[in-house]
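The values are calculated or read from the model by the stated rules, or taken from the named source; none is laboratory data. Please read all numbers here as calculations on a predicted model, not as lab measurements. Heads up, the Cβs are rebuilt from the backbone with ideal geometry, glycines too, and the neighbour counts pull from every protein chain shown.
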Amino acid sequence: MRQELDEEAFRARRERLVDGLAHRGYVTSPDVLEAMKAVRRHLFVPERLRPDAYDDRPLDIGEGQTISAPHMVGIMAEKLDLGPGQRVLEIGGGSGYHAAVAAHIVGPTGRVFSVERIAPLAGRARRNLEEAGYSKTVTMVVGDGTLGLPEHAPYDRIFVAAASPCVPPPLFEQLREGGKMLVPVGDVYLGQELVMVDKHNGRPVTTEHGGCVFVPLIGVHGFRR
Ligand code: SAH
C-alpha cells in the first residue's frame, strides 16, 4: 500500500517535471516526452535521493559519477531523432536511466547497447533496468567505451554521456551510413559543446548544438584520467 502511494506521488512529480521541460522549450518531440513520462527515474538513483529524483538536475550515483539532468537526456534524445527499431550505442551507462529512455523510444524491435567503465555501476544499472522493465532491450557492457563496441556494430545512433577531448574515431567507424552521433566535446572544467556528427557518404558532417557539462570520459580516446 505504502509503495503504491509512493508510486502515485512519483508519477505526479514526473508528469510535472516533463511538462516543465516541454513548457521551457527543452523538448518538443511527443515520443521523447512520452518516454520521459514512462521511465521511472527514481528507480535509477540511490534510495536516499529518491525524493530528489524529479528535480531537473544531475544526482550523485556513487563512484564519483552522476545521473544526467532530465533536460539533457531529453535534449539529446530529441536531437538524435531516436525512433522505433533503431540500434543505439551509449557510452557512459552510469545508472542506466538515459539508456532506459532510449530503450522506451526504440521499442521492442530496437536495441540499446551501453558501455560503462566502472563495473559496480554497470551492475547496479543492470538491476535498475530490470526493475524498470527495460532489461530485454538494453545490454549493459563493462569496458572502455572510447573503443566503441565493434561486436554489435554498426549503430544507427551513438551518444556519449561523458565529456570527451575529441570525437573518438572508433565510434565514427561503428556508425552506420546515414547515422547520427552526439558527443560532448571540450574541457572538463570549462565545459563542453554538444557536437553532432552525421555520417554522410562515409564522411563526418559536424554541427554544434550548445553548451553542456558532463563528467570526464576516461579511456584510450578520451582523457587519460
Ligand atoms: N548516462 C548515465 C550518466 C552517465 S555519467 C545515466 O543516465 O545515469 C558518465 C558515465 O560515463 C560515468 O558512469 C562514467 O563512469 C562513465 N565513463 C567514463 N569514461 C568511460 C569510458 N571510457 N567508457 C565507458 N564509460 C565511461
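Taking each residue of region 78-90 that is among the polar types (S, T, N, Q) and looking for partners that are surrounded by 14 or more Cβ atoms within 10 Å (Cβ to Cβ) and in a strand (DSSP E or B) with beta-carbon atoms closer than 7 Å, six or more apart or interchain, yields Gln86/Asp156; Gln86/Arg157.
Annotation for region 132-149: at least one member residue is out of contact with any strand residue (DSSP E or B) (no Cβ under 6 Å at 6 or more places or on another chain), away from the ligand (no atom under 14 Å from the Cβ) and among the polar types (S, T, N, Q).
Residues in region 163-185 that are buried (at least 19 other Cβ atoms within 10 Å of the Cβ) and either at pLDDT below 95 or in contact with a helix residue (DSSP H, G or I) (Cβ under 8 Å, 6 or more places away or on another chain) (or both): Ser164, Pro168, Leu171, Gln174, Lys180, Met181, Leu182, Val183.
For Thr137, state whether it is surrounded by fewer than 20 Cβ atoms within 10 Å (Cβ to Cβ) and either of a type in the set (Val, Ile, Thr) or within 14 Å of the chain's Cα centre (by Cα) (or both).
In short, no.
Restricting attention to region 58-83 and to residues that are in contact with a helix residue (DSSP H, G or I) (Cβ under 9 Å, 6 or more places away or on another chain), in a loop (DSSP other than H, G, I, E, B) and closer than 14 Å to Ser95 by Cβ, the residue that is nearest to the ligand (Cβ to nearest atom) turns out to be Ser68. Residues that are touching a residue at least 24 places away in the same chain (Cβ under 8 Å) and aliphatic (A, V, I, L, M) were ranked within region 1-32; the one that is surrounded by the fewest Cβ atoms within 10 Å (Cβ to Cβ) is Leu17.
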